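To start, the structure under review is shown below, and the notes come after it.
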Amino acid sequence: MSENHSKVIIIGSGPAGLTAAIYAGRANLFPIVFEGLQPGGQLTITTDVENFPGFENGILGPELMEIFRKQAHRFNAKSIFQIVTKVDFLSRPFKVFCDDDLYTADSVIISTGATAKLLGIPSEEKFMGYGVSACATCDGFFFKNKEIAVIGGGDSAMEEANYLTRFASKVTMIHRRDNFRASKIMIDKAKNNPKINVVLNSTLDEILGEDKDGKKLVTGIRLKNILTNEISVLNVSGVFIAIGHKPNTEIFQNQIELDTNGYILTNGKSTATNISGVFACGDVSDPTYRQAISAAGSGCMAAIDAEKYLETLHK
Ligand code: NAP
């Protein structure tokens, strides 16, 4: 067996992956955690986390994830700050590649999370990072006293819009239907915010901008009313896309069973996938709840499932 062999490899380092690492570490499995593209996961790009139990007055997302990591390391979990580029679950031991580096394992826990969805129009790509963003907490600061738009009608859009009013002079929410998908409490919060304005039944047709002295700049958005086909222009300096997320499962295609939206399918109440010895937890297998606490809970389950599986190997 190569020296890069371990009992458990965990791919992904959000609340699910690092909780799996804490539990696997305490079970003396010496887990290896591939921290991936965004060490600490989605919470590292949020500010206040107010709904994680145990933190009465809230905690900053990056701070919370650093505590997770330190707790996992205390129990001999090892972080590798590399991106997994390929896996082979069709032979044993399982193979995990980071470019040319090969790691093998008796069991694998997948906790690669999910990433923000985009609209897919060329102007969005053109102005991404120059007025277009998918992360209010990362980029809101750049829009002090500016007018901005938030696209989407779910809880993320409400949360982003509310957060952005800390900086922006006005936030216009653009939603493609006349009914929001978001929960009532989040809708009420946005409706009661005097800086938030709502445009319904409208889609973003184009992001308008200019090249000023070689620097790209958003100047507005062209909207289409889907009931009347009427086109209008809204002058904004920033556009935040908040239309949901997609699971990070590209490298698992043809290796493991996914649902039609790309989420990893797990068996019943367990974290077991269709490959015995490979488990999935957190947002990568959860299109429904997607909360840090539910991800952490499923990370615990994955570590226990992996431990039980490993016991069957050595009987
Ligand atoms: P979501 O619930 O899937 O909502 C996505 C929104 O974007 C929907 O309103 C959808 O419109 C719209 N949309 C999707 N594709 C679009 C497109 N191409 N063009 C225009 N609009 C588009 O996603 P989410 O808001 O990210 O929430 C995901 C999950 O996380 C939910 O379960 C949510 O409750 C949870 N969450 C909770 C909190 C919290 O409690 N603090 C915060 C954030 C998220 P339609 O409605 O027409 O489909």
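The values are calculated or read from the model by the stated rules, or taken from the named source; none is laboratory data. All values reported here derive from a predicted model rather than from experimental measurement. Ideal geometry is used to build each Cβ from the backbone, glycine not excepted, and the neighbour counts take in all protein chains shown. SASA here: full protein model, heavy atoms, side chains in, ligands and nucleic acids out. Shrake-Rupley method; radii C 1.70, N 1.55, O 1.52, S 1.80 Å.
Looking across segment 277-291, the residues that are crowded, with 17+ Cβ neighbours inside 10 Å and near the ligand (Cβ under 10 Å from one of its atoms) come down to ASP283, ASP286, ARG290. Of the numbered criteria (1) at pLDDT 95 or above; (2) open to solvent by less than 30 Å² (accessible area, probe 1.4 Å); (3) within 16 Å of the ligand (Cβ to nearest atom), the one ILE121 fails is (2).
Filter segment 132-150 down to residues that are open to solvent by less than 10 Å² (accessible area, probe 1.4 Å) and closer than 11 Å to SER237 by Cβ and give me whichever is nearest to the ligand (Cβ to nearest atom).
Let us first name the residues in segment 132-150 that are open to solvent by less than 10 Å² (accessible area, probe 1.4 Å), namely 132-133, 136, 140, 148-150.
This time we only want the ones that are closer than 11 Å to SER237 by Cβ, so: 132, 148-149.
Values: VAL132: 14, ILE148: 16, ALA149: 12 Å.
Within segment 132-150, the match that is nearest to the ligand (Cβ to nearest atom) is ALA149.
Which strands (runs of 3 or more DSSP E) does segment 35-115 wholly contain that include 3 or more residues that are in contact (Cβ under 8 Å) with a residue 24 or more places away in the chain and not basic (Lys, Arg)?
Numbers: elements: 78-80, 86-88, 94-98, 101-110.
Once the strands (runs of 3 or more DSSP E) in segment 35-115 are filtered for at least 3 residues that are in contact (Cβ under 8 Å) with a residue 24 or more places away in the chain and not basic (Lys, Arg), what remains is 94-98, 101-110.
Could you say whether any residue in segment 139-152 is small (Gly, Ala, Ser) and under 13 Å from ILE196 (Cα atoms)? Within segment 139-152, one or more residues are small (Gly, Ala, Ser) and under 13 Å from ILE196 (Cα atoms).
Checking each residue in segment 177-200 for being surrounded by 15 or more Cβ atoms within 10 Å (Cβ to Cβ), assigned to a loop (DSSP other than H, G, I, E, B) and within 11 Å of the ligand (Cβ to nearest atom) picks out PHE180, ARG181, ALA182, LEU200.
Tally up the residues in segment 95-118 that are within 16 Å of the ligand (Cβ to nearest atom) and among the polar types (S, T, N, Q), please.
Total meeting the criteria: 1.
It is to be established whether one or more residues within segment 151-171 are part of a strand (DSSP E or B), within 14 Å of the ligand (Cβ to nearest atom) and modelled with pLDDT of 95 or more. Yes, because at least one residue in segment 151-171 is part of a strand (DSSP E or B), within 14 Å of the ligand (Cβ to nearest atom) and modelled with pLDDT of 95 or more.
When each of GLU206, GLU210 is tested for being at pLDDT below 95 and either part of a strand (DSSP E or B) or surrounded by 19 or more Cβ atoms within 10 Å (Cβ to Cβ) (or both), the lone residue that passes is GLU210.
Scanning segment 156-175 for residues that are of a type in the set (Gly, Ala, Ser) and open to solvent by less than 10 Å² (accessible area, probe 1.4 Å) yields a count of 3.
Selection of segment 161-211 for residues being farther than 14 Å from VAL239 by Cα and among the basic types (Lys, Arg) yields ARG166, ARG176, ARG177, ARG181, LYS184, LYS189, LYS191, LYS195.
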